[in-house]
Amino acid sequence: MTLTVALPSKGRMKDDAIAVFARAGLTVMAIGNDRSYRGRIEGIDGVEVAFLSASEIARELGAGAVDFGVTGEDLVREGLSRADERVEISARLGFGNADVVVAVPDIWKDVDSMADLGDVAADFRTRHGRRLTIATKYWRLTQNFFSTRHGIQLYRIVESLGATEGAPASGAADIIVDITSTGSTLTANHLRVLSDGVILRSEACLVRARKPEHDADPRVASLIDAVQSAS
Amino acid sequence: MLRKSDVEALSILCPSFPSPPPPREGEGLKLLRPSPLLLWVRLVTALFPRLELGRTSPSPLWGGGWGGAFVIGQARGGDFSSRTREGLVMQFGAPDFAADLARALDALGGVRVDIPVIQPAEPFLDMAGEDLRRRIFLTESETGESLCLRPEFTIPVCTAHIAENVGTPRRYGYLGQVFRQRRDGANEFFQAGVEDLGEPDEAAADARALSDARGLIAGFAPAADLSIILGDQAVFEAVVAGLGLPAGWQKRLIHAFGNEQALGAMIAKLASPEAAAVPDASVAGFLANGDVAGLEAHIEEVMQETGYSTNASRSPAEIAARLISKQTLDSTRLSARSLAALKAFLALDIPLDRAATALSEFARDAGLNISVAQQAFEARLAALKQRGEDLGSIRWRAAFGRPLDYYTGMVFEISASAENLVLAGGGRYDRMMTLLGAQEPIPAVGFSLWLDRIETVRAGR
């Protein structure tokens with residue numbers, strides 16, 4: 001049986017993933033030319049590398065179409081329902097660090113915490129004739145964090161696929177849930193992360209699709225060991 | 001969905017089935033629409049003019065007029081009919097008692113409404129919150145409007161009532177399929193229920209809703225051992241108001257009512273408040289001096305400088321006002337006595353026949369004046385008694401509520417004890433009609449029956 005490892009197909013994520021694998025003694029070779037989206041690992045038979053986009057990797061892991069994948073934890077948790085039942089985070093790789101956070105306009109000086117935001121959300125309809133709106137592309141993470149963790153139900157999500165930090169100033173939404181690494185874009189747009197507003201501290205991870213046949217496969221354990229020791 | 005035209009179809013099939021009275025001019029919702037069933041029945045009766053239709057014995061409860069065991073409801077997969085020894089039996093998705101239940105609902109005096117299966121999703125998401133999104137079936141129209149498969153009936157019944165602009169009080173009944181993503185159980189199942197809109201005598205309307213729900217279940221699942229619990233948000237609100245908490249805290253607690261975990265966390269915080277967050281340096285001066293006007297002006301100035309509109313979202317005045325009240329919110333500590341009272345109240349869980357005494361004893365011991373809520377509570381008890389309900393078999397659980405902002409008073413749940421299945425849920429939702437756009441407040445109470453669960457309980461008898 002061939003094991004398939006999905007790696008990011010471009011950019012820093014691709015380079016960093018290949019570097020971690022190289023440190024683990026796993027040299028990733030593209031098949032054919034450098035731009036090919038198929039690869040293999042030097043000296044190991046029966047392991048295939050597929051170069052995919054990072055969000056596709058999460059989906060393919062969830063479907064069990066690939067055995068391993070390197071992708072951001074945010075994409076795994078956003079893309080898959082009941083992620084922990086379907087995949088396992090085998091190693092945290094120490095790059096691609098970014099936090100998914102709840103940020104409000106900095107001028108909301110009365111809102112420091114999620115409890116404050118809960119108060120504002122509860123009153124919003126009465127004051128403004130509509131629910132509090134959140135601009136985000138993280139539907140699932142937002143719903144889990146607001147509803148399950150903080151008991152806040154009364155808000156609406158406005159889908160935002162880019163330049164989310166601009167939504168509050170433009171009036172497209174009241175607050176945002178977005179990913180940030182240095183926080184500089186948030187600051188530049190006069191937004192502030194709530195004191196308990198970090199939903200997820202994400203980084204690139206080696207993720208394994210939970211498949212029963214992995215238990216008896218020595219290649220699975222040794223690949224995990226190698227990557228863990230290199231990360 | 002049982003359409004009026006389906007009923008018409010049945011009356012062709014089975015002449016003793018009474019035809020519905022024609023709707024009066026300008027009254028009620030649009031009820032008539034040719035249904036596939038009606039067209040099909042017309043075809044069948046044309047082809048087989050002498051078709052003999054079988055009858056089974058009338059059901060013990062709703063016997064009298066029509067007792068035929070026809071299954072009516074929405075057609076599934078075109079599997080319309082099969083012949084049996086008794087004659088023609090229609091097979092649809094509805095439970096076999098749906099036709100009888102529909103008649104029983106009519107007998108309760110409701111106007112039966114026809115709610116389209118495809119609904120705009122906005123009102124549901126707006127009312128119940130974004131969390132509902134993953135529990136309903138969503139789709140989009142070509143123009144980008146969010147649509148969903150009807151996840152429940154109350155909101156569309158209310159919206160239809162507002163759109164038709166008919167007078168109140170008015171009682172609506174419904175029976176049909178609803179669609180929800182569930183981890184356990186089918187994603188499409190039948191619900192039936194009643195909504196009473198605009199009945200000014202709230203105690204009587206509350207009692208009628210609970211009593212009708214219990215009566216229907218007792219009729220259709222007679223062997224079930226029922227447990228009924230009742231809660232009352234208005235009493236909780238009165239207790240919270242009586243404790244003398246700042247308005248912000250009252251709102252928080254009321255908002256969390258029915259969510260045990262959230263409420264517990266808040267009470268813990270009231271018992272031992274954390275150190276208040278230090279106000280931001282840019283506003284600390286205004287707060288220290290109590291300079292409200294200066295604070296507002298400062299916020300407005302910053303918003304303009306940073307390109308934030310002062311009217312698209314929260315206004316400077318709103319932020320300033322909450323900033324000031326927050327200073328007291330964060331440091332509010334509930335006295336040991338008040339805390340004990342709140343906990344004692346939430347722990348009340350007793351049969352309804354002893355509830356009035358228990359509530360007045362609680363109020364006396366806690367030194368709270370909650371007489372207005374108490375009177376309404378007792379009026380409801382009296383109305384239930386008057387309807388012949390056995391108060392000893394209903395439990396009042398003081399902490400029982402639904403954490404949605406349109407519920408205002410009584411809530412109840414009727415379960416089959418042995419199977420541990422909720423068969424009916426109901427409650428008062430006085431705030432919903434205005435949230436949905438009614439020009440003036442319309443009191444509202446209703447209940448919904450879970451037909452699939454009632455069927456399970458019936459099968460086990």
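The values are calculated or read from the model by the stated rules, or taken from the named source; none is laboratory data. Note that the structure is a prediction, hence the values are computed from the model and not measured. All Cβ positions, even for glycine, are placed from backbone atoms using ideal geometry, and neighbour counts span all protein chains on display.
The single condition from (1) touching a residue at least 40 places away in the same chain (Cβ under 8 Å); (2) more than 24 Å from B:Ile454 (Cβ to Cβ); (3) not in a helix (DSSP H, G or I) that B:Ala160 fails is (3).
Within region B:252-271, track down each residue that is without any contact (Cβ under 8 Å) to a residue 24 or more places away in the chain and buried (at least 17 other Cβ atoms within 10 Å of the Cβ). Spell out the reasoning first.
Within region B:252-271, the first condition is being without any contact (Cβ under 8 Å) to a residue 24 or more places away in the chain, and the residues that meet it are B:252-254, B:261, B:264-266, B:268-269.
The answer is B:Arg252, B:Leu253, B:Ile254, B:Met266, B:Lys269.
A:Arg82 - would you say it is among the basic types (Lys, Arg), within 18 Å of the chain's Cα centre (by Cα) and closer than 19 Å to A:Ile179 by Cβ? Considered against the rule, which asks whether it is among the basic types (Lys, Arg), within 18 Å of the chain's Cα centre (by Cα) and closer than 19 Å to A:Ile179 by Cβ, A:Arg82 comes out as no. In region B:178-200, is there at least one residue being over 17 Å from B:Leu132 (Cα atoms), touching a strand residue (DSSP E or B) at 6+ places or on another chain (Cβ under 6 Å) and surrounded by fewer than 18 Cβ atoms within 10 Å (Cβ to Cβ)? No, the conditions are met nowhere in region B:178-200.
A quick yes/no check of all residues on (1) assigned to a helix (DSSP H, G or I); (2) within 14 Å of another protein chain (Cβ to nearest Cβ); (3) not hydrophobic (A, V, I, L, M, F, W, C):
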| position | (1), (2), (3) |
| --- | --- |
| A:Asn144 | yes, yes, yes |
| A:Gln153 | no, yes, yes |
| A:Gly162 | no, no, yes |
| A:Ile179 | no, no, no |
| A:Thr182 | no, no, yes |
| A:Ser195 | no, yes, yes |
| A:Val207 | no, no, no |
| A:Leu223 | yes, no, no |
| A:Ser229 | yes, no, yes |
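Does A:Arg219 qualify as being of a type in the set (Lys, Arg), at pLDDT 95 or above and assigned by TED's automatic domain parsing to the domain that holds A:Thr71? Please lay out each step first, then the result.
Working: of a type in the set (Lys, Arg): yes; at pLDDT 95 or above: no; assigned by TED's automatic domain parsing to the domain that holds A:Thr71: yes.
The answer is no for A:Arg219.
Do you know which residues across region A:164-177 are part of a helix (DSSP H, G or I) and of a type in the set (A, V, I, L, M, F, W, C)? Outline the logic, then answer.
From region A:164-177, those part of a helix (DSSP H, G or I) are A:164-170; that's our starting set.
Across region A:164-177, the qualifying residues are A:Ala167, A:Ala169.
Might you check whether a residue that is on the phi > 0 side of the Ramachandran plot, in contact with a helix residue (DSSP H, G or I) (Cβ under 9 Å, 6 or more places away or on another chain) and not hydrophobic (A, V, I, L, M, F, W, C) occurs anywhere in region B:261-273? No, that holds for no residue. Of all residue pairs spaced 6 or more apart or on separate chains, those with beta-carbon atoms under 6 Å, a first member in region B:312-323 that is over 12 Å from B:Leu295 (Cβ atoms) and a second member that is among the acidic types (Asp, Glu) and in a loop (DSSP other than H, G, I, E, B) are B:Ser313/A:Asp174. Counting only residues that are part of a helix (DSSP H, G or I), out of contact with any His (no Cβ under 7 Å at 6 or more places or on another chain) and within 8 Å of chain B (Cβ to nearest Cβ), region A:116-139 holds 8 of them.
For region B:419-442, give me each residue that is crowded, with 22+ Cβ neighbours inside 10 Å and not aliphatic (A, V, I, L, M). Of everything in region B:419-442, those that are crowded, with 22+ Cβ neighbours inside 10 Å and not aliphatic (A, V, I, L, M) turn out to be B:Gly426, B:Gly427, B:Arg428, B:Tyr429.
Which residue is farthest from A:Asp123 (Cα to Cα), if the candidates are limited to region B:251-275 and must be of a type in the set (A, V, I, L, M) and facing chain A (nearest Cβ under 10 Å)? Checked region B:251-275; the qualifying residue farthest from A:Asp123 (Cα to Cα) is B:Ala265. Entry remark, region B:220-232: residues being part of a helix (DSSP H, G or I) and touching a strand residue (DSSP E or B) at 6+ places or on another chain (Cβ under 7 Å) number 0 in total. Residue count for region B:94-148 under the criterion of being assigned to a strand (DSSP E or B) and either touching a residue at least 24 places away in the same chain (Cβ under 8 Å) or farther than 15 Å from B:Phe179 by Cβ (or both): the result is 9.
Matching residues to (1) closer than 30 Å to B:Phe257 by Cβ; (2) assigned by TED's automatic domain parsing to the domain that holds A:Asp15:
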| position | (1), (2) |
| --- | --- |
| A:Ala83 | no, yes |
| A:Glu88 | no, yes |
| A:Phe124 | yes, no |
| A:Lys137 | no, no |
| A:Asn144 | yes, no |
| A:Tyr155 | yes, no |
| A:Pro168 | no, no |
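A residue that is modelled with pLDDT of 95 or more, in contact with an Asp or Glu (Cβ under 8 Å, 6 or more places away or on another chain), closer than 16 Å to A:His214 by Cα and surrounded by 14 or more Cβ atoms within 10 Å (Cβ to Cβ) occurs nowhere in region A:47-65.
Could you go through region A:169-179 and let me know if any residue there is crowded, with 20+ Cβ neighbours inside 10 Å, touching a residue at least 40 places away in the same chain (Cβ under 8 Å) and touching a Gly at 6+ places or on another chain (Cβ under 6 Å). The answer is no, given that none of the residues of region A:169-179 is crowded, with 20+ Cβ neighbours inside 10 Å, touching a residue at least 40 places away in the same chain (Cβ under 8 Å) and touching a Gly at 6+ places or on another chain (Cβ under 6 Å).
Being within 9 Å of another protein chain (Cβ to nearest Cβ) and more than 13 Å from the chain's Cα centre (by Cα) is the requirement here; does A:Leu191 meet it?
So A:Leu191 fails the test.
Counting the residues of region A:209-221 that are in a helix (DSSP H, G or I) and among the hydrophobic types (A, V, I, L, M, F, W, C) gives 2.
To keep it simple, each residue is scored yes or no on (1) part of a helix (DSSP H, G or I); (2) within 29 Å of B:Ala379 (Cα to Cα).
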site: B:Val178; (1), (2): no, no
site: B:Arg182; (1), (2): no, no
site: B:Ala186; (1), (2): no, no
site: B:Val194; (1), (2): no, yes
site: B:Glu199; (1), (2): no, yes
site: B:Ala204; (1), (2): yes, yes
site: B:Ala209; (1), (2): yes, yes
site: B:Asp212; (1), (2): yes, yes
site: B:Ala218; (1), (2): yes, yes
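Among the residues making up region B:276-295, a single one is crowded, with 19+ Cβ neighbours inside 10 Å, part of a helix (DSSP H, G or I) and within 8 Å of chain A (Cβ to nearest Cβ): B:Val283.
Residue-by-condition table, conditions (1) touching a helix residue (DSSP H, G or I) at 6+ places or on another chain (Cβ under 6 Å); (2) surrounded by fewer than 13 Cβ atoms within 10 Å (Cβ to Cβ); (3) among the hydrophobic types (A, V, I, L, M, F, W, C); (4) under 22 Å from A:Pro218 (Cα atoms):
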position: A:Leu7; (1), (2), (3), (4): yes, no, yes, yes
position: A:Arg12; (1), (2), (3), (4): no, yes, no, no
position: A:Ala19; (1), (2), (3), (4): no, no, yes, no
position: A:Ala22; (1), (2), (3), (4): no, no, yes, yes
position: A:Gly32; (1), (2), (3), (4): no, yes, no, no
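Condition check: at the interface with chain A (Cβ under 9 Å from one of its Cβ atoms) and either farther than 21 Å from A:Ser113 by Cα or surrounded by fewer than 18 Cβ atoms within 10 Å (Cβ to Cβ) (or both). Does B:Ser309 satisfy that? Here the answer is yes, as B:Ser309 does meet what is asked.
Could you identify the single residue in B:Ala94, B:Ala107, B:Ala98, B:Ala102 that is at pLDDT 90 or above and in contact with a strand residue (DSSP E or B) (Cβ under 6 Å, 6 or more places away or on another chain)? I'd like the intermediate steps shown before the answer.
On the way: B:Ala94 fails: at pLDDT 90 or above; B:Ala107 fails: in contact with a strand residue (DSSP E or B) (Cβ under 6 Å, 6 or more places away or on another chain); B:Ala98 fails: in contact with a strand residue (DSSP E or B) (Cβ under 6 Å, 6 or more places away or on another chain).
Going through B:Ala94, B:Ala107, B:Ala98, B:Ala102 in turn, just one is at pLDDT 90 or above and in contact with a strand residue (DSSP E or B) (Cβ under 6 Å, 6 or more places away or on another chain): B:Ala102.
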